[in-house]
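For reference, the structure is listed below as structure tokens.
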Amino acid sequence: MNKSELIAALSEETNFSKKDIAKVLSSFTRIVERTLKKGGKVSLTGFGTYWLSRRPARAGINPSTKQRIHLPAISVPRFKPGKHLKEQLRSA
């Protein structure tokens, strides 16, 4: 499901306009991004938790040249599904 399909499905289920759903979805993603950048986490009870994880710097290999390269430390978003979501997916 892509973003436009999600907007259409939410619009159908809630009877809100697609335009309003798109605004809410954009606001949600901006708030999650802003919270993660500040080092916080976003928990949606039953659905899951988003947080930022730090990957340390490490050595790597360029696959095309086989040369060793240095990969810098980076922050990556993570998601852990909640209990309710896991239970719903197990029974699928």
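We did not get these values from a lab; they are worked out from the coordinates using the rules stated. As the structure is a prediction and not an experimental result, all values here were calculated from the model. Cβ atoms come from the backbone with ideal geometry, glycine included; neighbour counts cover every protein chain shown.
Numbers below:
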item	result
Of 63, 72, 81, the one that fluctuates the most in a GNM where the chain has Cα springs shorter than 10 Å	63
Span from the the range 56-85 Cα centroid across to the the range 13-55 one, whole angstrom	23
Relative contact order (%) - the chain, alpha-carbon pairs under 8 angstrom, separation at least six	21
In nm, spacing of pseudo-spin labels at residue 29 and residue 13 (7 Å Cα→C-beta vector)	1.8
Net dipole in debye of the chain [+1 Lys, Arg Cβ; -1 Asp, Glu Cβ; about Cα centre; nearest 20]	680
Loop sites in the range 1-40: trypsin sites (Lys or Arg not before Pro), DSSP, at most 15 other Cβ within 10 Å	38
Rounded to whole Hz, the Karplus (6.51, -1.76, 1.60) HN-Hα couplings of the range 41-52, x for glycine and proline	9, 10, 10, 10, 3, x, 9, x, 10, 9, 8, 9
Gained length - residue 37 relative to residue 54, 0.36 nm times residue gap less alpha-carbon distance	4.9 nm
Cα-based helix-to-principal-axis angle, 18-37 vs the chain, degrees rounded to 10	40
